[in-house]
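The values are calculated or read from the model by the stated rules, or taken from the named source; none is laboratory data. On a predicted model such as this, the values are computed, not experimentally measured, just so you know. Don't worry about glycine lacking a Cβ; one is built from the backbone with ideal geometry, like all the others, and counts go over all protein chains shown. Ligands, DNA and RNA are stripped out before the accessible areas are found, and what is left, the full protein with its side chains, is counted by its heavy atoms. Shrake-Rupley method; radii C 1.70, N 1.55, O 1.52, S 1.80 Å.
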Amino acid sequence: TVGRRVLPLDGTGVSIDDVGGKAAGLDHLASFGFPIPSSYVVTVEAYERSVALAGLAPWLAGLAMRPAPEPHDIRAEVDEIEAAFRSVALETDLQEEIEKTAAKLLAHGRVAVRSSATAEDLGVASFAGQYRTFTRIDDIDGVIDAVKRCWASLWLPAAREYRLRHRVSSRGLAMAVVLQSMVDADWSGVGFTIDPASDRPAMRVEMVPGLGEALVSGQVTPVDFSIQRDTLEITSSDLETQPLRAIEDLARMMLQVEMRFDEPQDIEWASVGSDLVLLQSRPVTVVGPRSLFDDGFDEPVNSGDKFTPYGVVEMLPDTVSPLLWTVNAPMIEHG
């Protein structure tokens, strides 16, 4: 049987405080009968106890107050944090629980190890891409190392800066970790039950062949679809080569998920043959398009933020007049 610090995500009910946002979302999907991969979670308690026994708590408290490193120092700080967590010795019973669960999953193929922070998949901040995911792991030692590196990702510079910008406190922050059977996907992608870039009642799906890593990393330009919510009419830049029946089935499932969660959802999914699998569901954090001239400069900023012309200086090398901004705004905002 699975111990109390490694729990199955089978829809029996878990708390976000115990398993983090991603794991709680997966368990919620399973509770409504939606298809998810075989999944377990190494709980927040496992993280907190391991950190305490390793004596890392005072160092992490100081790290939370440390300003973001300069660009040339980021790699060194990432290595420092990862080394600290990878050297943590797990308690014997926790190690055995993780090994037993990993062996169970590995008996059916490779494993994905995914971060599930207590501050993640929030309505005000998704934290998408801020924490670590490791895929195609094929041995128990690799699973345990990936768990520790997921713990470390809670404190990496990019995650700390993201929390600062979204005013998410580091107080009481903790990391659970999802252990999940790898899905050998034919197609994978993301779906929004309300298109963040449209003012029409439409859904949006972006998809790539194979695993979704290529989409997240930007290695492959996805095929995107707009789907009318009422008629399920599909429009795309490349309709001829895509599996339209699968997109229609996905659209129906997305609407069912939104109904169950009672708010617009950002859904990660994969297809294997004619079967659909849901990998994650979280609230859509941006609903509706910004206006053409809403560039974000009216939003509150944090003290200590640095402003720089890098990135636009080649297009706007000098003071920008109202007329020049009127001409350049579409390119800057939507380019």
A chain fully extended from D139 to T12 at 0.36 nm per residue, minus the present Cα-Cα distance, gains in nm 42.9 nm
Under a 1.4 Å probe, counting only protein heavy atoms, D10 has an accessible area in Å², nearest 10, of 80 Å²
Residues meeting the amide H criterion for A117 (H placed from the backbone, H to H distance under 5 Å, 5 or more places apart or on another chain) are G21, K22, A176
Counting only protein heavy atoms and leaving out ligands, DNA and RNA, the solvent-accessible surface of F32 at a 1.4 Å probe, in Å² to the nearest 10, equals 70 Å²
The simple spin-label model distance between R171 and E206, using points 7 Å out along Cα→Cβ, in nm, is 3.6 nm
